[in-house]
Amino acid sequence: MKKATKKEIQAIKEILIQNYDNAVTELQYKNLYELLISVILSAQCTDKRVNLITPKLFETYPDVSSLAMADLDEVKQIIKSCSFFNNKAKNITQMAKSVMENFEGEIPLDEKKLITLAGVGQKTAHVVMIEYSQANLMAVDTHVFRVAHRLGLSKSETAIKTEVDLTKAFKDNLHILHQAMVLFGRYVCTAKNPK
């Protein structure tokens, strides 16, 4: 695929914003705590699966302080149908402990602070900030990566470099464009048999 021209990039941007201007994550959450947990659990797992797991998790551990004191085996039991549930159970309980110890029980909405938490890398931090505060950031998952490459927006081989390419290409409205590319990739520009 050839690299998209400035004119093509502008056209892609306009079409995505026009068609997905109200797009939000398909993860179900009520607050920042639930969003962060859902995003951590969604790594290499479908949003659909995460939405099946989280109601019991949030009922059992409704906030950071209760999760910080959770029994690890009980957390594992609740999320066992999620991919990599052993690691994710450790990460979310460690994350909660860290929020209690280092941030007075308040989840920080700052990238540098977020990525100090267990289970939170740059992509997770960006997704949380995009969704919760409409931050002008880009996050690259498998859908965004595929769409970016098919449309000639990036030729980079890593998600981080693709994120840099998309941020440079689009510059603004990144919170809308991120979600637009996720949904476009999930339902239209699918991995197999794109529509």
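The values are calculated or read from the model by the stated rules, or taken from the named source; none is laboratory data. It should be emphasised that the depicted structure is a prediction, and the values quoted were computed from it without experimental measurement. Glycine also receives a Cβ, built like all others from the backbone with ideal geometry; neighbour counts cover every protein chain displayed. Ligands, DNA and RNA are stripped out before the accessible areas are found, and what is left, the full protein with its side chains, is counted by its heavy atoms. Shrake-Rupley method; radii C 1.70, N 1.55, O 1.52, S 1.80 Å.
Karplus-derived 3J(HN,Hα) values for region 140-147, using 6.51 cos²θ - 1.76 cosθ + 1.60 with θ = phi - 60°, are 10, 9, 4, 5, 4, 4, 4, 4 Hz; glycine and proline are entered as x. Summary of the geometry: region 1-76 and region 92-167, compared by the centres of their Cα atoms, lie 11 Å apart. Taking 0.36 nm per residue of sequence separation and removing the Cα-Cα distance, the Glu59/Lys90 pair yields an extension gain of 9.3 nm. For the set Leu32, Leu41, solvent exposure ranked by accessible area (probe 1.4 Å, protein chains only) runs largest to smallest as Leu32, Leu41. The label-point distance for Lys113 and Lys171, in a model that sets each label 7 Å from Cα toward Cβ, rounds to 3.1 nm.
As a fraction of the 1.4 Å probe accessible area of region 1-150, surface on carbon and sulfur atoms comes out at 52 percent. Find out how many positive minus negative residues lie around Val128, taking Lys and Arg as positive, Asp and Glu as negative, among other residues whose Cβ is under 12 Å from that of Val128. Result for the local shell: -2.
Computed from the C-beta positions of Thr46 and Gln77, the FRET efficiency with R₀ = 25 Å rounds to 0.80. On a 0 to 90° scale, report how tilted helix 174-187 is relative to the longest principal axis of the chain, with both axes built from alpha carbons and the result rounded to the nearest 10. So the inclination is approximately 90 degrees.
Phi angles of region 153-158 translate, via the Karplus equation with coefficients 6.51, -1.76, 1.60 and θ = phi - 60°, into HN-Hα couplings of 7, 7, 10, 5, 8, 10 Hz per residue; Gly and Pro are given as x.
The trypsin sites (Lys or Arg not before Pro) of region 1-105 that meet both conditions, a loop assignment by DSSP and at most 14 other Cβ atoms within 10 Å of the site Cβ, are Lys2, Lys3, Lys30, Lys80.
Across region 24-29, computed HN-Hα scalar couplings (Karplus, 6.51 cos²θ - 1.76 cosθ + 1.60, θ = phi - 60°) run 9, 4, 8, 6, 9, 8 Hz from first to last residue, x flagging Gly and Pro. Protein-only accessible surface at a 1.4 angstrom probe places the residues Met129, Met181, Met69, Met100 in the order Met69, Met100, Met129, Met181, largest first. Across region 117-155, the residues whose backbone nitrogen lies under 12 Å from the label position 7 Å along the beta-carbon direction of Val24 are 131-134. Using the 1.4 Å probe convention, the accessible area of the chain works out to 54 Å² per residue with neighbouring protein chains retained. Dividing the helix sum by the residues of the chain, where each DSSP H run of 4 or more adds -39500 (n - 2.57), gives a mean residue ellipticity at 222 nm of -19000 deg cm²/dmol.
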